[in-house]
Amino acid sequence: MFHPCRYMMCLLMFLLVGCGANSPVLHRLAPLPEGATCRVAVLPIINQADYPQGGEMFYKIFSAELVSFGHFQVAQEGDVRNLYQQLMVYPNQPLTLEQLKVISNRLNVRLVIGGTVLVMREHKGAESVNPDITILMRIYDGVTGKTLWTTYHRRKGSDYQRILRFGQINTLTGLAHRMSREILTLWFKKGMKRCATLPVH
């Protein structure tokens, strides 16, 4: 016999499990600097995945979400890459502590954000594509060069599926946008401060 209440309860549990799975994991190694900062730098995202240009794609999406979420002014990508060239560092190469301090000083930023794409791929099925991304994001103190926060996050497009594929994300760009928002939501919840207004250029 069909029980509407039991059906609704099962549906609610299904939705709650779908929403709560695979949240980003934050490790706070040291506190963020006191007070809000309006200008930050995002380093080129290192790509360790097999997907070509995966780091560059995630960099652009995360930077855009950072501006939208926190009203930050993000240092120009060209300025960051010019400093990489001056320091003779490849964009897909991690920085030393001293190199990070130099870049922070030249760009006049206190917070520096970097990351590594560990997995980026598409699982192609008969009826849909299921993207899969694993990312490790880091926040550095530009003055000391030390890592303050690290965040590990892994998601598949099917993680958002509800019923009959509704809600499923079918593209890597769509998944990257969603994951970036989830990471930033967690950061602001745990103490990162938004900039009140955009700085004057």
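Every number in this text was worked out from the coordinates using simple rules, so none of it is lab data. Quick caveat: nothing in here was measured; it's all calculated off a predicted structure. All Cβ positions, even for glycine, are placed from backbone atoms using ideal geometry, and neighbour counts span all protein chains on display.
The L29 and A126 beta-carbon pair, evaluated with R₀ = 35 Å, returns a calculated FRET efficiency of approximately 0.20.
Fully extending the segment from V143 to N105 would add 12.9 nm, taking 0.36 nm per residue of separation and subtracting the current Cα-Cα distance.
If each residue of separation counts as 0.36 nm, what is the full-extension length gain between N22 and Y152 once their alpha-carbon separation is subtracted?
Length gained between N22 and Y152: 45.8 nm.
Within a 10 angstrom radius of the beta carbon, how do D132, D79 rank from fewest other beta carbons to most?
Ordered by Cβ neighbours within 10 Å, fewest first: D79, D132.
You can think of it this way: the chain between Q85 and V119 has 9.6 nm of extra reach, that is 0.36 nm per residue less the Cα-Cα gap.
Taking a quarter of the surface of the Cα convex hull of the stretch 21-189 gives a mean projected area of 10.0 nm².
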